[in-house]
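What follows is a single structure, written as structure tokens, with notes after it.
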Amino acid sequence: MENFEFFTPTRMIFGKNTHQQVGKIVKEYGFKKVLVHFGGSSAKKSGLLDAVTGSLEAEGIQYVTLGGVQANPTLSKAKEGIELCLKEGVDLVLAVGGGSVIDSSKCIADGAGNPDVDVWTYFRQEAVPARALPVGVILTLSASGSEMSASCVITNEENGFKRGFNSVTHRPLFSICNPELTCTVSKYQTACGTVDIMMHTLERYFSKTRDTELTDRIAEALLKSTVEAGRIADKDPDNYEARAALMWGGSLSHNGLTGAGRDFFMQVHQLEHELSGMYPSIAHGAGLAALWPSWARFVCPSDVNRFARYAVQVWNIDMDFDCPMNTALAGIRATEDFYKSLGMPSSLKELGVEEERLEEMAVKCTNMGKRTLPGIRELGKEEMMEIYRMALGE
């Protein structure tokens, strides 16, 4: 087990009707003016936005609103939010939405806290935020885990680069998580979220570090619970317990718990960032579902026993002691079949990706030749190209 730091300062307010407490919670901290940041029209049509602003008004909290966040949140929208915060004297950014809205809010908080710095320099790894506005969350989609994570991912639409970075400034001050708010999420987006939750744990689980038995068992339990809840929510969208399990699983999958003691790198996420950076209409979870099986088959020979353990512990597949590779491949197939059962794509071709763009994605993933991706098997441009080709399918 590697040395590690586990830091989860986010206050979690979880359960039914909890979003109605937002005004009182904001007042507890003494904030005076809030930027309410949200996505599309659903927040308005569902009445959630009115409930949030009404709760703030009831406690005498001033606010301004900024909507229009899209999937794969953009730098231009974040910069619009930064300007608004500085103009209005905002002291808290409140994200009302899923991972895209939360990441946009984190970017806004970084930019407003450091108005003399171009916020994109953080995503180019050229600087780190010295400070940031605090961020609060009302979660509406179980997926990214951004409500408890230190990560933030933004797409620069001018060059198609989708980049992220981690910072202590990104840990939300509080997150209000009411599973009821996710019951109206579409089957497709629920499935995308289920994949994302699993992938945040799988990317930590498949690392080179050994002797992490407790962390392994936590990860395996989270994966099994997510599979079970994902199946139920797919068939019964109003099932509260399934929605609650997905929401809590999403938070735990990306707050550092399932990676404690491991040295890991999220290779599939990096490969997918180039995909949805160049094809913004592709949902992050769908891209991950299309890429992971090919990545897994490519790197599996470098750690067959790890993949075999995954198959046995998560998918209850019998161990083939004579040929562990059979067990390992069965676990990969089980994961792929589960994703398909939720309506997720099994190839990049299903997502409209053209073969002639694969090399551009690989080059961008190397940061124009400046990096390789560490992991069970190190990935350079040629290895990335092979995974992309495998994922393209017939």
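Every number here is computed from the coordinates shown, using simple stated rules; none is lab data. All figures in this text were calculated on a predicted structure; none of them were measured in a lab. Heads up, the Cβs are rebuilt from the backbone with ideal geometry, glycines too, and the neighbour counts pull from every protein chain shown.
Things worth noting here:
- Candidates per GluC sites (Glu not before Pro) in segment 73-132, loop by DSSP, up to 13 other Cβ within 10 Å: E126
- Loop-located trypsin sites (Lys or Arg not before Pro) in segment 104-169 whose Cβ has at most 13 other Cβ within 10 Å (DSSP): R124, R131
- Helix 48-58 vs. the chain, principal-axis angle (Cα, 0 to 90°, nearest 10): 40
- Taking the square roots of 5 times each eigenvalue of the Cα gyration tensor of segment 261-333, largest first, gives ellipsoid semi-axes of 27, 13, 10 Å.
- For segment 247-394, the spread of Cα positions along each principal axis, largest first, Å: 41, 36, 33
- Pair-distance distribution of segment 52-138: all C-alpha pairs, bin width 10 Å, starting at 0; shares per bin in whole percent are 17, 51, 26, 5, 0.
- Here the relative contact order of segment 9-179, from alpha carbon pairs under 8 Å that lie six or more residues apart, stands at 28 percent.
- Max mean-square fluctuation residue, GNM over the chain, Cα-Cα springs under 10 Å, options L214, L271, L35: L214
- Between segment 196-249 and segment 113-161, the alpha-carbon center distance in angstrom: 25
- Percentage, to the nearest whole number, of Cα pairs in segment 36-97 over 17 Å apart: 40
- Loop-located GluC sites (Glu not before Pro) in segment 1-74 (DSSP state other than H, G, I, E, B) with a sparse environment of at most 11 neighbouring Cβ atoms within 10 Å: E5.
- Only Cα pairs under 8 Å and 6+ residues apart enter the sum, and on that basis the relative contact order of segment 183-390 stands at 24 percent.
- Relative contact order of the chain, pairs being alpha-carbon contacts under 8 Å that are 6 or more residues apart, as %: 15
- Student exercise, segment 9-179 dipole from Lys, Arg, Asp, Glu Cβ charges, in Debye to nearest 20: 380
- Here's the picture: charge each Lys and Arg Cβ at +1 and each Asp and Glu Cβ at -1 in the chain, and of G60, F307, P374 the one pushed furthest to the positive end of that dipole is G60.
- Residue-normalised convex hull volume from the C-alpha trace of segment 88-130: 77 Å³ per residue.
- C-alpha long axis of helix 304-315 to longest principal axis of the chain, angle in °: 60
- Kirkwood estimate for the chain, i.e. one over the average of 1/r between Cα atoms, Å: 21.3
- Largest mean-square fluctuation among F31, F123, F321, in a Gaussian network model of the chain whose springs join Cα atoms under 10 Å apart, belongs to F321.
- Separation of the alpha carbons by more than 19 angstrom is noted, of K79/K106; K32/K87; K24/K45; K187/K340; K224/K340; K106/K162, for K24/K45.
- Charges were assigned to the Cβ only: +1 to each Lys and Arg, -1 to each Asp and Glu. The resulting dipole of the chain about its Cα centre is roughly 720 debye.
- Each of V69, N114, S175 was scored by the projection of its Cα onto the charge dipole of segment 9-179, and the greatest displacement toward the positive side belongs to S175; charges sit on the C-beta of Lys, Arg, Asp and Glu.
- Between segment 1-44 and segment 291-362, the Cα center-to-center distance that results, in Å: 35
- Cα-based convex hull, segment 1-113, per residue volume (Å³, whole number): 139
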